[in-house]
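These notes are about the structure you will find just below.
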Amino acid sequence: MTEYFRIMPGKKSLYAQECINGNFIGGDWDVHTDLTDELPETWKAFNKVFIPQYLESHPGKSKIAAGLAGGMLHSICKGVKIGDIVLMPDQQGTFHFGKVTSDYWYAPDGPLQHRRSLQWLPVTVHRHDFSEALQNSLGSIGTLSNVTRHEIEIKAMIGGATAPSILATNSDIEDPSTFALEKHLEDFLVANWERTELGKTFDIFTEDGEKVGQQYPSDTGPLDILAVSKDGKELLVIELKRGRANDRVVGQIQRYMGYIKDEIAEPGQSVRGIIIALDDDQGIRRALSVATNIEFYRYKVDFQLHKA
């Protein structure tokens, strides 16, 4: 299956023109050695080696920052497959589309030393021409983000068509119009974090002034939100579900929490989980009754009209 990735060519797309001219995309992370023989199949195995090395060469950085850097580096070098599609913004906000055509290669004398070759497609799209949902995904923090969930819109753009404004391809979505109101839940929660109950005791994890706790990568998929208590003693994993949540989400968030506990938490840090959904059912209530470190919150979509 073809996947779709937004990749930033350096901070603020600094190296976009070099990537276009050289038919490649890549990353850096201050790792200046050839990784050809150091890329195991699994991201978790790579980070087992990478995180201690990164922390040793970057004193003062946290395990969360190291895990993020290792995850993105492995994803660009190994996780992105030949045939996948890359969306790359230039410094004017125009996105270029390329198909990955090679495995990893190392360019010791250039920027973005860890590279993949691309065949650029003859189409560009300005950021403002994407739907609001895709714009939000394209603007997520970090060098790489997986935007495959917007495949239909991206394929329409590449093909020159206009994507419909409301798409309901998920059988779990009963009402596409309701889904359209709810699909920005994650971005809304992040933008208004300080005004929520959770924002009183937790901060979304930040590194160098950027909120890297949104869509934080793990070896079982990205966490919606990773937060840390204001005293630094507790990490909080948040899983957002549109509509009604069932007991399957309990196992999902426990996998994320297990990863954070085993790979990311510092000595003495505990891990909690919160599920946020529109509603629950008896199954999830039973499951949560014996999961003492996971809580459930309901959200409410509030739509109002005010006469001008």
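The values are calculated or read from the model by the stated rules, or taken from the named source; none is laboratory data. All of these numbers come straight from a predicted model, not from anything done at the bench. Because the Cβ atoms are built from the backbone with ideal geometry, glycine has one as well, and the counts that use them run over all protein chains shown.
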*Residue check, Tyr299 against (1) surrounded by 14 or more Cβ atoms within 10 Å (Cβ to Cβ); (2) under 24 Å from Lys48 (Cα atoms); (3) of a type outside the set (Gly, Ala, Ser); (4) in contact (Cβ under 8 Å) with a residue 60 or more places away in the chain, all met but one. Which one?*
(2)
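Only one residue in Arg286, Arg255, Arg272 is in contact with a Ser or Thr (Cβ under 8 Å, 6 or more places away or on another chain) and without any contact (Cβ under 8 Å) to a residue 40 or more places away in the chain. Which one?
Within the list Arg286, Arg255, Arg272, the selection yields Arg255.
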*Among residues of the range 236-248, those that are touching a helix residue (DSSP H, G or I) at 6+ places or on another chain (Cβ under 7 Å) and free of Cβ contacts under 8 Å to residues at least 40 places away in the same chain, counted*: 4
_Residue identified as among the charged types (D, E, K, R), buried (at least 16 other Cβ atoms within 10 Å of the Cβ) and over 21 Å from Leu68 (Cβ atoms) among Arg272, Arg285, Arg248, Arg242_ = Arg242
*Wholly enclosed helices (runs of 4 or more DSSP H) of the range 1-87 bearing at least 1 residues touching a helix residue (DSSP H, G or I) at 6+ places or on another chain (Cβ under 6 Å) and either surrounded by fewer than 22 Cβ atoms within 10 Å (Cβ to Cβ) or among the charged types (D, E, K, R) (or both)*: 43-57, 63-74
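Name the helices (runs of 4 or more DSSP H) wholly within the range 91-192 that hold at least 3 residues that are of a type outside the set (D, E, K, R) and modelled with pLDDT of 70 or more?
Where helices (runs of 4 or more DSSP H) fall fully within the range 91-192 and carry at least 3 residues being of a type outside the set (D, E, K, R) and modelled with pLDDT of 70 or more, they are 132-138, 151-158, 185-191.
Yes or no, residue by residue, for (1) among the basic types (Lys, Arg); (2) within 20 Å of the chain's Cα centre (by Cα); (3) over 18 Å from Glu38 (Cα atoms):
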| position | (1), (2), (3) |
| --- | --- |
| Ala65 | no, yes, yes |
| Gly70 | no, yes, no |
| Ile76 | no, yes, no |
| Val80 | no, yes, no |
| Ile85 | no, yes, yes |
| Gln91 | no, no, yes |
| Thr101 | no, no, yes |
| Gly110 | no, no, yes |
| His128 | no, no, yes |
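How many of the residues in the range 193-208 are basic (Lys, Arg) and at pLDDT below 90?
Selection size over the range 193-208: 1.
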